[in-house]
Amino acid sequence: MTKGLKYSRWLQGGLVITALGLMTGCALIPDSTLSEQDSKPEVSVNWQTMKTTDSVAKPVRWWSLFHDEVLTSLENRAARNNLDLQLAAIRWQESRAQLGLVSSQKNIQLSVDGGFSSIGLSEDAPLASVGAPTSRIDTWTLSTGASWEMDFWGYLSDKEKAAKEQLQATAFENDMVQVSLSADIARNYWKLRGVQAQQHYLKEQIEIAEHRYELAQNREQNGVGTNYQTQSMKAELSNVKAKLPSLEHQEAVLKNALAMLLGMSPHALDVELSGQPKAPTLPTVLAVGVPSDLARNRPDILMAGAKLKATIAQVSAANADFYPRIRLTASVGALSNDLSDLGSWDSRQYSVGPSFHLPLFEGGKLRQTLALSEARQKAAAVTYRKTVLSAWHEVENSLGAWSSESESVRRLSAAQAQREVALHAATRSFQEGAADRGDVLDAKQSLVSAKRSLMDGKVNQALAMVALYRSLGGDWSGDVKQPFTGEKVAK
């Protein structure tokens, strides 16, 4: 069976061409493992309800939508100092070196060889008895050789293609690390701001609880309240205060998590990240693009596609390994019994001609190598399909979370406004003598709870936005993503 027939059967076994927007070529993906429905799912209601017109500006760095200088500074420093990024850059260098090793096999191999030997025959040797000389014989050799493998069956080309695709996959893996890093920075940052806001509002609640406890004591002393009411207010005060240590610990953990992402020691960011927290500034319109952009910007999809193409090339190389390996070799040099004669014309020698290697029996090694390559190709195809499907699920879930959290923030904002009206009414009634101080404190407590809930809602909305842009592949410039080139490597 010729290689062409083998390849034809394998192709007929089920490959279709799927376009990957960021790749310069097309990946062959078996029909049996990737259906058209997986690569072109229906546009969901969540996507249709998003405002995705081209008039919406698409930021080069999606976290700039928050308009937070501290967050932007953290993102920029993490891009320079994160250890995972440095490891990814080193892995890219390793893959590039591997590609160089494979590509070198296609080039002409040149060498220079030389040597000296001195041989003396024993006088008791059988050859000496028939007249062979027993005196010492010196031999000097010097030669230059060249060899080149004629890649008739594409074995070396396929190996080189596989190495190139693996290098591309490593580049997209670096992009994955960058996307995850930027999302982790933003997620931990807004969680930190949320915890700090909870502490702020909790301290306000503690202050209100202290006033309520003081009021209950005064009422009991004046005979208009009971000891039960006083003890209840005291218990409530203790309960509110008990929540503060846990929040302080969460704050410390999140600060250290951000320091770790920036390659810094624990507590290195404590001063910078302290202060009065502010609610995230959130856009009303998100530039999420269109569903077809997903495969162009998700580095995990691109990486899976590159790995699949690499395994396809490995299968082709395994098929080519069944056929003869033909090599042209040539050498020219000199051989002499005396070093001074090594450069003379009479000492010249040369050889030129082809050679071939044809494997006849290797204990099933070639067949098992082919079977292994085919199994890896099938696994890569399934991985590609799974990656695409998972991406659509992540985007769908993130869009749903953004929509629901946005609606929650809208309702919580209305609830806070109502609590402000209620506090104003309670204060006015107290001033007019129609209500007591306890009503005002209750209204303040409700307003603080409403503010805290609204802050939590905005933080959750920010986290949903982070998850959305992470699911869309991170940087959202609307342009085709260019893979990592390995220029930024840790020193």
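Here are the numbers:
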{"quantity": "Of residues in the stretch 295-337 being of a type in the set (A, V, I, L, M, F, W, C) and in a strand (DSSP E or B), the one nearest to residue 172 (Cα to Cα)", "calculated": "326"}
{"quantity": "Qualifying positions in the stretch 367-391 - out of contact with any Asp or Glu (no Cβ under 6 Å at 6 or more places or on another chain), surrounded by fewer than 20 Cβ atoms within 10 Å (Cβ to Cβ) and not small (Gly, Ala, Ser)", "calculated": "367, 368, 369, 370, 372, 374, 376, 378, 382, 383, 386"}
{"quantity": "Filter result (farther than 19 Å from residue 344 by Cα and modelled with pLDDT under 85) within the stretch 125-148", "calculated": "125, 126, 127, 128, 129, 130, 131, 132, 133, 134, 135, 136"}
{"quantity": "Candidates 237, 269, filtered to the one that is surrounded by 15 or more Cβ atoms within 10 Å (Cβ to Cβ) and touching an Asp or Glu at 6+ places or on another chain (Cβ under 7 Å)", "calculated": "237"}
{"quantity": "From the options 448, 440, residue that is within 24 Å of residue 217 (Cα to Cα), touching a residue at least 60 places away in the same chain (Cβ under 8 Å) and in a helix (DSSP H, G or I)", "calculated": "448"}
{"quantity": "Residues satisfying the stated conditions in the stretch 66-124, i.e. closer than 30 Å to residue 280 by Cα and either among the charged types (D, E, K, R) or touching a Cys at 6+ places or on another chain (Cβ under 7 Å) (or both)", "calculated": "68, 69, 75, 77, 80, 84"}
{"quantity": "Of all residues making up the stretch 331-348, the number that are among the charged types (D, E, K, R) and within 10 Å of residue 140 (Cα to Cα)", "calculated": "2"}
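The values are calculated or read from the model by the stated rules, or taken from the named source; none is laboratory data. The shown structure was predicted, so the numbers you read here are calculated from the model rather than taken from an experiment. Positions of Cβ are backbone-derived with ideal geometry, glycine not excepted, and every protein chain shown enters the neighbour counts.
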